[in-house]
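Trainee: Structure incoming, see below.
The values are calculated or read from the model by the stated rules, or taken from the named source; none is laboratory data. Owing to the predicted nature of the structure, the values given are computational and were not obtained by experimental measurement. Positions of Cβ are backbone-derived with ideal geometry, glycine not excepted, and every protein chain shown enters the neighbour counts. The protein model used for the area step is the full one, side chains on, heavy atoms only, and it has no ligands, DNA or RNA in it. Shrake-Rupley method; radii C 1.70, N 1.55, O 1.52, S 1.80 Å.
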Amino acid sequence: MQLRVRALETVLAEKGYLDPAALDQIIEAYETKIGPHNGARIVAKAWTDPAFKHRLLQDATEAVRALGHESRVGDHLTAVENTREVHNIVVCTLCSCYPWEMLGLPPVWYKSAPYRSRTVKDPRGVLADFGVTLPKDTEVRVWDSTAETRYLVLPMRPGGTEGWSEEKLAELVNRDSMIGTGLASQPGKAS
Ligand code: FE
């Protein structure tokens, strides 16, 4: 796949359809400026601002737009909340749809065939591979992304963070916790 992508990129650049420097800038922006910091800030705000959390769960596209984040044309963002009762996990069974504006570039495993097929059949097994074990009575819900609808998981706020600022809380919100393959980091263990 890497060779195929490189071959395609070379042909497009040679024909002048694509500027490699512009491509590098786009990738750099998604890697370092956008994701997953945008998502982490949204989650931290939802943890500290009940009115915002309500708006986010009602209509995430509108809620993040109010903070100045524009979705790509046609994208609709849906936020799903993790609780003690329900754990949400996101997959794109068809390809690799992913909330780029919130999380940046998707990890390689998100696009892999095993993740895409197993998450539907055996979500608890996938979670175990990621080192996540949930209580037996927690329901696991799997959400299938599409070109029109992207999902952002609102992870549970870790204990021992009472009174923390949004900035400090955002450091606990890692990428996987917003896909549902991980939990928010515990205080003192922020990655
Ligand atoms: Fe997709």
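Trainee: By how many nm would the segment from Leu67 to Lys121 lengthen if fully extended, with 0.36 nm per residue of separation less the alpha-carbon distance? The partial results should precede the final answer.
Mentor: On the way: separation 54, 0.36 × 54 = 19.44 nm, distance 3.64 nm.
Value of the extension gain: 15.8 nm.
Trainee: Take peptides 103-115, 124-136, 174-186 and line them up by average Cβ neighbours within 10 Å, highest first, as a rough protection proxy.
Mentor: In descending order of packing, they fall as 174-186, 103-115, 124-136.
Trainee: Follow-up question, since we're still on this one. If the cut-off is 26 Å between C-alpha atoms, which lysines fall inside it for Lys168, apart from same-chain ones fewer than 8 positions away?
Mentor: In chain and number order, the partners are Lys33, Lys45, Lys53, Lys189.
Trainee: I've got another one for you. Roughly how many Å is it from the Cα centre of segment 125-140 to that of segment 16-70, as a whole number?
Mentor: 27 Å
Trainee: Also: At 1.4 Å probe size, with every protein chain present, just tell me what the per residue accessible area of segment 1-157 comes to in Å².
Mentor: Computed with neighbouring chains in place, this is 58 Å² per residue.
Trainee: Among the lysines, select those whose C-alpha is under 20 Å from the C-alpha of Lys121, and discard any that sit fewer than 8 residues away in the same chain.
Mentor: Qualifying lysines at Cα under 20 Å: Lys111, Lys136.
Trainee: Could you tell me which helices of the chain pass both thresholds, a Cα extent of 15 Å or more along their own axis and a mean Kyte-Doolittle hydropathy of at least -1.0, with helices taken as whole DSSP H runs?
Mentor: Details: long enough: 2-14 (18 Å, 0.25); 37-48 (17 Å, -0.25).
Those that pass (Cα extent of 15 Å or more, hydropathy at least -1.0) are 2-14, 37-48.
Trainee: Using a probe of 1.4 angstrom, how much of the accessible area of the chain is carbon and sulfur, in percent?
Mentor: 56 percent
Trainee: Now a separate question. Over all directions, what mean area does the Cα convex hull of segment 36-179 project, stated in square nanometres?
Mentor: 8.4 nm²
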